1. Assigning unit charges at the beta carbon (Lys, Arg +1; Asp, Glu -1) and nothing else, what dipole magnitude in debye, to the nearest 20, does the chain show about its Cα centre?
2. Given the options 119, 108, 81, identify the residue whose Cα lies farthest towards the positive end of the charge dipole of the stretch 1-136 (+1 on Cβ of Lys, Arg; -1 on Cβ of Asp, Glu).
3. Where in the stretch 55-97 is the amide nitrogen less than 18 Å from a point lying 7 Å along the Cα-to-Cβ axis of residue 23?
4. Under a point-charge model restricted to the Cβ atoms of Lys and Arg (+1) and Asp and Glu (-1), what is the dipole moment magnitude of the stretch 102-180 relative to its Cα centre, in debye to the nearest 20?
5. Give me the net charge for the shell around residue 9: Cβ to Cβ below 14 angstrom, other residues only, Lys and Arg +1, Asp and Glu -1.
6. Simple spin-label model, 7 Å along Cα-to-Cβ: residue 93 to residue 40 in nm?
7. Using +1 at the C-beta of Lys and Arg and -1 at the C-beta of Asp and Glu, which of 166, 90, 139 has the Cα lying farthest in the positive direction of the dipole of the stretch 15-166?
8. What is the pair-distance distribution P(r) of the chain, computed from all Cα-Cα distances in 10 Å bins starting at 0, with each bin given as a whole percent?
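Read-outs: derived from the displayed coordinates by stated rules, not from any lab. For clarity, every value in this text was computed on a predicted model and none was experimentally measured. For neighbour counting, all protein chains shown are included, and Cβ atoms are generated from backbone atoms with ideal geometry for every residue, glycine included.
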Amino acid sequence: MSDNIVISVAHQVVRWSIDTGASFEDFRARFEAAVPVLDTDRMTQLRAEKADWDTVLEAAGENAPHGFMRFWSTDVGGTMQLAGDAGDCASYLMGNHTIAERMYRHDPAVMLYAPLRVAIHTDANGVTRFSIDQPSTRFSTFDSREIAAVGEELNRKVLHLLTVLGVGVPDTLLSARVNP
């Protein structure tokens, strides 16, 4: 029997929770406009046609003007308000399968963290926040420089998306780096 029955990797994750400077409704609408829903009909068609990867890359580029698309979302706050809880919260899975593929080829287990989980929520003070685990702190755990490099790239892409959305990104996040 192999000694590799169980691989256990302890790791620390850094969570970014960034003040959006906007109302919940406004920021959520801008986020959803900038990060469109994955075109599942197109993906189904591409799989049925056994399209070449260049065609998949082109379709993803058209579907993700800022590098990301939404794979799933839910209005958590709306549900929790039924229990009498205050606060707004929407949760998303945001990513790009063409970026994920660049990690997947080295270790399919990266799909534990791709797409990225995001929450737009109001905190106890009513501040609307964008929260996400820093991608590089997730992907640096795979003992692969190639995967870690894509994690660093995802850091930059998330911060760029926030800039596009008009969020002031602190310099400390712009220089954040995790080494594998």
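1. For this selection, approximately 240 debye.
2. Result: 108, furthest along the dipole toward the positive end.
3. Of the residues in the stretch 55-97, 77-78, 87-90 have backbone N under 18 Å from the label point off residue 23.
4. Magnitude of the dipole: close to 140 debye.
5. -1
6. Here the modelled spin labels are 1.1 nm apart.
7. Highest projection toward the positive end goes to 139.
8. Histogram of Cα-Cα distances, whole percents per bin: 9, 33, 33, 20, 5, 0.
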